[in-house]
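These notes concern the structure reproduced below.
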Amino acid sequence: MTATVGQKAPDFTAPSYYQGTFTPVKLSDFAGKWVLLCFYPGDFTFV
Amino acid sequence: MSAVADRYEELQELGVEVISVSVDSHFVHKMWNDHELTKMVDGGIPFHMASDQAGNIGRAYGVWDENEGIELRGRFIIDPDGVIQAMEVLTPPVGRRIAETIRQVQAYQLVRESGGTEATPAGWEPGDLTLKPGPDLVGKVWEVWNPSMEQ
């Protein structure tokens with residue numbers, strides 16, 4: 001299932017760098033909050 | 001991502017959490033943060049920088065570029081029920097405009113707080129007039145709103 005507006009956001013868990021630590025992040029842990037999810041092509045790219 | 005980090009305090013005040021995702025490892029995220037992003041934003045990136053090396057999250061969100069093995073600039077606004085309210089996908093050479101994302105969050109928050117009784121017209125900014133869809137408004141939008149009101 002691909003993400004669509006008006007539908008549930010696909011949940012995921014991923015390794016993450018967070019404020020000096022390596023802490024996995026799980027989308028559904030943020031239930032009850034607004035979430036801004038931003039993908040980008042890669043670290044050390046220009047835009 | 002430094003543009004988002006720069007507005008992070010404002011996003012926090014709006015009750016918004018941020019997660020960035022790319023195919024780089026979390027170790028590379030640390031290097032990018034420490035060696036470049038901290039030079040653009042005081043304190044570096046304050047939110048989770050997630051790693052999606054296999055591209056599974058990118059595929060689920062329709063932003064995986066299988067030829068390049070990277071993720072496109074996908075931006076999703078997810079509400080407190082976990083429902084996607086807005087999405088924007090750009091190819092790599094053009095960056096996003098965080099001010100527009102914040103405006104959309106504010107608009108969706110207003111709609112949600114109104115229980116769906118209010119809607120925001122084109123170009124709406126906080127404080128501007130909202131529309132109250134219903135039988136009385138059909139064919140009468142012109143009386144309360146016109147394109148010149150979009151700044």
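For the stretch A:15-47, enumerate the residues that are in contact (Cβ under 8 Å) with a residue 12 or more places away in the chain and under 23 Å from B:G44 (Cα atoms). Don't jump to the end; show me each part of the working.
Within the stretch A:15-47, the subset in contact (Cβ under 8 Å) with a residue 12 or more places away in the chain is A:25-28, A:35, A:37.
If the condition is that a residue be in contact (Cβ under 8 Å) with a residue 12 or more places away in the chain and under 23 Å from B:G44 (Cα atoms), then A:V25, A:K26, A:L27, A:V35, A:L37 are the ones that fit.
I need a count of the residues in the stretch B:103-148 that are in a helix (DSSP H, G or I), of a type in the set (A, V, I, L, M) and either in contact with a helix residue (DSSP H, G or I) (Cβ under 9 Å, 6 or more places away or on another chain) or closer than 17 Å to B:Q85 by Cβ (or both). Before the answer, list the steps.
Taking the stretch B:103-148 first, the residues in a helix (DSSP H, G or I) are B:103-113, B:135-137, B:141-144, B:147-148.
Still in the running and of a type in the set (A, V, I, L, M): B:105, B:107, B:110-111, B:137, B:141, B:144.
The next check asks that each one be either in contact with a helix residue (DSSP H, G or I) (Cβ under 9 Å, 6 or more places away or on another chain) or closer than 17 Å to B:Q85 by Cβ (or both); those that pass are B:105, B:107, B:110-111, B:137, B:144.
Here the count works out to 6.
Determine whether the stretch B:26-38 contains at least one residue that is within 8 Å of another protein chain (Cβ to nearest Cβ), out of contact with any Pro (no Cβ under 7 Å at 6 or more places or on another chain), surrounded by 18 or more Cβ atoms within 10 Å (Cβ to Cβ) and in a loop (DSSP other than H, G, I, E, B).
No, that holds for no residue.
Matching residues to (1) in contact with a strand residue (DSSP E or B) (Cβ under 6 Å, 6 or more places away or on another chain); (2) within 20 Å of B:E88 (Cβ to Cβ); (3) surrounded by 19 or more Cβ atoms within 10 Å (Cβ to Cβ):
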| position | (1), (2), (3) |
| --- | --- |
| A:T2 | no, yes, no |
| A:A9 | yes, yes, yes |
| A:D29 | no, no, no |
| A:G32 | no, no, no |
| A:P41 | yes, yes, yes |
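Each reported figure results from applying straightforward, stated rules to the coordinates on display, with no laboratory input. Predicted model, so just to flag it, every value in this text is computed and none were measured. For neighbour counting, all protein chains shown are included, and Cβ atoms are generated from backbone atoms with ideal geometry for every residue, glycine included.
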